[in-house]
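Written out below as structure tokens is the structure these notes cover.
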Amino acid sequence: MTYLVTGATGNVGRQVVEQLRRDGHSVRALTRDPASARLPEDVEVVRGDLTRPETLTDALDGVSGVHLIGFSGDDYAPLETAAEVVERVARAGVRRATVLKGVQGEPVEEALQATDLEWTFVQPVEFMSNALDWAGAIRSGGEVREPFPEALSAMVHEGDIGAVIAAALTQDGHHGRTYLLTGPEALTKPDKVRILGEAIGRDLRYVELTEQQARERWAAEGYAPETIDFFVWVHGDPPEEGYTVVPTVEKVLGRPARTFAEWAAEHAADFR
Ligand SMILES: NC(=O)c1ccc[n+]([C@@H]2O[C@H](COP(=O)([O-])OP(=O)(O)OC[C@H]3O[C@@H](n4cnc5c(N)ncnc54)[C@H](OP(=O)(O)O)[C@@H]3O)[C@@H](O)[C@H]2O)c1
């Protein structure tokens, strides 16, 4: 059976591809730019753009399950062509679909709910891989400057997100469900800095920024005012579901969700 993975070059999509391969499935990966996809050789890489559904015909040929992203472009705008994409998925005879849910509801979910496809929506909280944003500062000065030291996050390992998606695509019993995914513990930013320091064997410093200093830094980095407001909300006053640990990963995979210490050990080279 062949599975089509959209967003296959992204943080989560790469992990979906990896898990499907590990389980012995044949994987087709969609990208707008095959030349820069950097996917394993046994993955069939196909060119396609979700904002131009007519480009998906070959990608959908002979596929039994498809993993969909609900956004398009680098600003994660909701996929306006979702209804047509889903119509083509259904017409191609695909049986199952998973969706990586964003922070807001997306048209792709609504479109799938109106079909006979067996869908599963996967809604992760913060990805552990966001810590890579600190890699440069840690490598060069050993210091992480961030606001909101008390705020907790139950970050989830992107490999666990990929494994849950692969399970929902390839196994029975997951359809019609929305899986909220968290890691096994809620941590503050100073906790994360300490754990990264342990992983690389160095003392790292957490330096608290005020909200105003953080806003100025994000503006200097080119973020739009509404994105900065989103950052302040999600980091400073996160919704309860962002820091409340739930057992979904373990229930679906039959093993505990991976810890941030495990993630940090796997990625130590990025911070050295
Ligand atoms: N970071 C977090 O903490 C977090 C937490 C919860 C939810 N989320 C959600 O996760 C999503 C981001 O996932 P990610 O980090 O895995 O993505 P990512 O690493 O930013 O990668 C984006 C992917 O989307 C693909 N893509 C974008 N526009 C496309 C289009 N028009 N047609 C086909 N493919 C397109 C890109 O493919 P090509 O460039 O190869 O074409 C790439 O594979 C967002 O919805 C975000 O809200 C993030």
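The values are calculated or read from the model by the stated rules, or taken from the named source; none is laboratory data. These numbers were taken from a predicted model, which means no experiment stands behind them. Cβ coordinates were reconstructed from backbone atoms using ideal geometry, including for glycine residues, and neighbour counts include every protein chain displayed. Quick note on the areas: whole protein, heavy atoms, side chains included, nothing else; ligands and nucleic acids left out. Shrake-Rupley method; radii C 1.70, N 1.55, O 1.52, S 1.80 Å.
Inside segment 170-206, can you point out the residues that are within 30 Å of Ala114 (Cβ to Cβ) and open to solvent by 30 Å² or more (accessible area, probe 1.4 Å)?
If we filter segment 170-206 for residues that are within 30 Å of Ala114 (Cβ to Cβ), which is where we start, we get 170-182.
Residues satisfying the conditions are Thr170, Gln171, Asp172, Gly173, His175, Gly176, Arg177, Thr178, Leu180.
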Cβ pairs under 8 Å, 6+ apart, first in segment 51-68 and of a type in the set (D, E, K, R), second open to solvent by 10 Å² or more (accessible area, probe 1.4 Å): Arg52/Thr81; Asp58/Val46; Asp61/Ala92
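Mind counting the residues in segment 10-27 that are among the hydroxyl-bearing types (Ser, Thr, Tyr) and open to solvent by 70 Å² or more (accessible area, probe 1.4 Å)?
First, pick out the residues of segment 10-27 that are among the hydroxyl-bearing types (Ser, Thr, Tyr): 26.
In the following step, the residues that additionally are open to solvent by 70 Å² or more (accessible area, probe 1.4 Å) were identified as none.
Of the residues in segment 10-27, 0 are among the hydroxyl-bearing types (Ser, Thr, Tyr) and open to solvent by 70 Å² or more (accessible area, probe 1.4 Å).
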Residues being in contact with a strand residue (DSSP E or B) (Cβ under 7 Å, 6 or more places away or on another chain) and exposed (fewer than 13 other Cβ atoms within 10 Å of the Cβ) - total across segment 45-76: 1
Selection count, segment 186-242, where residues are part of a helix (DSSP H, G or I), of a type in the set (D, E, K, R) and in contact with a strand residue (DSSP E or B) (Cβ under 6 Å, 6 or more places away or on another chain): 1
Filter pass, Leu209 being crowded, with 19+ Cβ neighbours inside 10 Å and not aromatic (Phe, Trp, Tyr): no
Selection from segment 230-246 of residues that are open to solvent by 40 Å² or more (accessible area, probe 1.4 Å), over 19 Å from His157 (Cβ atoms) and at pLDDT 95 or above: Glu240
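In contact (Cβ under 8 Å) with a residue 40 or more places away in the chain, open to solvent by less than 20 Å² (accessible area, probe 1.4 Å) and over 30 Å from Thr115 (Cβ atoms): is that true of Ala167 in this structure?
Numbers: in contact (Cβ under 8 Å) with a residue 40 or more places away in the chain: yes; open to solvent by less than 20 Å² (accessible area, probe 1.4 Å): yes; over 30 Å from Thr115 (Cβ atoms): no.
No, not satisfied.
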Within segment 141-162, tally of residues that are open to solvent by less than 10 Å² (accessible area, probe 1.4 Å) and on the phi > 0 side of the Ramachandran plot: 1
Boolean, Ala83 is open to solvent by less than 60 Å² (accessible area, probe 1.4 Å) and either outside any strand (DSSP E or B) or more than 10 Å from the ligand (Cβ to nearest atom) (or both): no
Ala214 being at pLDDT 95 or above, within 16 Å of the ligand (Cβ to nearest atom) and over 21 Å from Ile69 (Cβ atoms): no
Selection status of Leu30, near the ligand (Cβ under 8 Å from one of its atoms), among the aliphatic types (A, V, I, L, M) and either open to solvent by less than 20 Å² (accessible area, probe 1.4 Å) or assigned to a strand (DSSP E or B) (or both): yes
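May I ask you to say which residue of Val245, Val193 is under 19 Å from the mean Cα position of the chain (by Cα) and closer than 29 Å to Glu18 by Cβ? I'd like the intermediate steps shown before the answer.
Working: Val193 fails: under 19 Å from the mean Cα position of the chain (by Cα).
Step by step, each of Val245, Val193 is checked, and only Val245 is under 19 Å from the mean Cα position of the chain (by Cα) and closer than 29 Å to Glu18 by Cβ.
Quick check on this structure: which one of Pro124, Pro107 is within 9 Å of the ligand (Cβ to nearest atom), touching a residue at least 24 places away in the same chain (Cβ under 8 Å) and of a type outside the set (A, V, I, L, M, F, W, C)? Steps first, answer last, please.
Details: Pro107 fails: within 9 Å of the ligand (Cβ to nearest atom).
Criteria check complete, one pass: Pro124.
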Qualifying residues in segment 94-140 (those that are over 18 Å from the mean Cα position of the chain (by Cα) and of a type in the set (S, T, N, Q)) - the one surrounded by the most Cβ atoms within 10 Å (Cβ to Cβ): Thr115
